[in-house]
Amino acid sequence: MVATMPTIPDRPASWNCASVENLAERTLDGFLRSVERRALRMAELATLNRDEALDVVQDAMLGFVRHYAAKPAADWAPLFYRVLDSRLHDWHRRRQVRGRWLTAWLYGDADDAIDAIAQAADANDPGPLLRLAGSQAARALDVALAKLPLRQRQAFLLRVWEGFDVATTAATMRCSDGSVKTHLSRALAALRRELEDYA
Amino acid sequence: MNEHPQWTSQAKALLDASAHDLDAATLSRLNRARQIALAQQRKATPRWFIPAGLVSASALLLLAVAVWHERAGSPHTHNAVTAVAATADDADALADDDDFYADLDFYAWLDAQDQDPPG
């Protein structure tokens, strides 16, 4: 889903310094409200821990406000997710430095291990999630997404969930359009395989 | 048309639901995180910056309008336009005069015809 820009409230009767500041703050507040839940879910899928995910989201909000709040509101969504992506990479690096084998297993660079073209799914196939019902499907999807390498998961979430186009996703992830397509293709193949195994 | 495989629509719906159904404690913490970020923004924005920016923008706009108005309504500009128009009229008149002088014989004959009583 594309993050919807908050509508700018009506101009107040007395147009003074405080009102201008309030308007800017309310617009920023509305934007952060519109992205915070999805940001938390993204962080949670990366960290597998809600507390750590909340910390990452708070860092992302602070970083976004510090560096990009003055940018046009139309650019905020990709910029916010760029900061979030950066914070997730930082978190991932810290975990690797700590040498937790589980993290290395879950987030190791498996990008090269999959022949994505050979496993590309038929777009008209209803797919593996239909065989799973309700909470089982949600759980299966969470597990499958958590197993993806960070870049593949981000490409999937930004392209499929946020609805960003390839160029915006590439700018958000700071990589080329081609890399986004490759990451997404591999993510789709891996998710499909994982969900079919789950069913 | 959806460019992704069909099953991704269901995945998207599941993700939407998971984001929508967050518990109250988590929402409260998200709210707190947001308020901290906004408080930082309040500290970072100098209070004089916004009114100063508005005043500067207004002054620039007024200046631009004044300059434009001055140029549009300038007597020199008006005279120049009038002079150009007058020159064009004179040129037309002169061209007409040339025709007039070329046909002097014809006008003289016409005059003579008018003065001679019909025979």
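The values are calculated or read from the model by the stated rules, or taken from the named source; none is laboratory data. Nothing here was measured: the structure is a model prediction, and the numbers come from that model. Please note: Cβ atoms are built from the backbone with ideal geometry, for glycine as well, and neighbour counts cover all protein chains shown.
Please work out if A:THR27 is modelled with pLDDT of 65 or more, in contact with a helix residue (DSSP H, G or I) (Cβ under 9 Å, 6 or more places away or on another chain) and more than 10 Å from every other protein chain (Cβ to nearest Cβ).
yes
Go through the stretch B:3-26 and report how many residues are more than 21 Å from A:ARG193 (Cβ to Cβ) and at the interface with another protein chain (Cβ under 8 Å from one of its Cβ atoms).
7
Just checking: which of the helices (runs of 4 or more DSSP H) contained wholly in the stretch A:94-199 hold 1 or more residues that are at pLDDT 80 or above, small (Gly, Ala, Ser) and surrounded by fewer than 21 Cβ atoms within 10 Å (Cβ to Cβ)?
A:134-147, A:166-173, A:177-198
Being touching a Ser or Thr at 6+ places or on another chain (Cβ under 7 Å) and touching a residue at least 24 places away in the same chain (Cβ under 8 Å): is that true of A:ALA53 here?
Here the answer is no, as A:ALA53 does not meet what is asked.
Under 8 Å between Cβ atoms, at least 6 apart or on separate chains: pull out the pairs that start in the stretch A:157-179 with a residue that is in contact (Cβ under 8 Å) with a residue 24 or more places away in the chain and end on any residue that is in a loop (DSSP other than H, G, I, E, B) and among the small types (Gly, Ala, Ser).
If the second residue must be in a loop (DSSP other than H, G, I, E, B) and among the small types (Gly, Ala, Ser), the pairs left are A:GLU162/A:ALA3.
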